[in-house]
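**Student:** Here you go, one structure.
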Amino acid sequence: MSSSDRRFFVLSALATLAGCGFAPAYAPGGGGAALLGQIEVSAPDTRAGYLLTRELEARLGRPAAPAYLLTPAITLQERSISVDRSNITLRFNLLGRVDYTLTDRATGAVVARGTVENFSGYSTFDTPVATQAAARDAEARLMTMLADQLLTRLAAQARDLPQ
């Protein structure tokens, strides 16, 4: 492909996106930018809750006067996916689900709710300490993925939220 063909392709793709109303979520005036510093995450009561809250606050910031309260309910489930001949599990999947509710703090009305799901895997090792470390790392990775998904959903719904 020649460089003029590439430029034409890139410019036509940008023109198409601009014509369909595409706008970056976190650009000034974008839906996601309206969420920054506006959402308080309810206090976590588990390690998974802490990890999710940490990820959400890292992206949204800790609000001084939040307009919304985000209440996540986390469900984790561990499934063995690889078992050897001596019936020892060699690999696990950690399945995660977050049911969330976004509430307007001024009115108490629920303005958004939904569910995000994902999974992360880890291998077992000869020592319990190494296996436990792998499990904790998988949980941290899973909470990062779920936070990303949750924020994507909220950014997509941000324009419909009361201002």
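Nothing in this text is a laboratory measurement; each read-out follows from the coordinates by a stated rule. Fair warning: this is a prediction, and the values are worked out from it, not measured in the lab. FYI the Cβ positions are ideal-geometry reconstructions off the backbone, even for glycines, and counts take in every protein chain you see.
**Student:** Return the distance in nm (one decimal) between the two label points of a simple spin-label model at residue 148 and residue 46, each offset 7 Å from Cα along Cα→Cβ.
**Tutor:** For residue 148 paired with residue 46, the spin-label model returns 2.2 nm.
**Student:** Cα-based Rg (one decimal) and Dmax (whole number) for the range 54-121, in Å?
**Tutor:** 17.9, 59
**Student:** Sorted by average packing, counted as other Cβ atoms within 10 angstrom per residue and highest first, what order do 119-130, 141-152, 63-74 take? Mind dumping the intermediate values first?
**Tutor:** Numbers: 119-130: 13.7, 141-152: 20.1, 63-74: 15.9.
For the peptides 119-130, 141-152, 63-74, the packing ranking is 141-152, 63-74, 119-130.
**Student:** Show me, for the range 101-107, the HN-Hα J-couplings you get by feeding each phi into the Karplus relation (A = 6.51, B = -1.76, C = 1.60, θ = phi - 60°), rounded to Hz, glycine and proline as x.
**Tutor:** Values per residue, Gly and Pro as x: 9, 10, 10, 6, 5, 6, 9 Hz.
**Student:** Plugging the Kirkwood radius over Cα pairs into Stokes-Einstein for the range 84-163, at a temperature of 37 °C and a viscosity of 0.692 mPa s, what D comes out in µm²/s?
**Tutor:** 218
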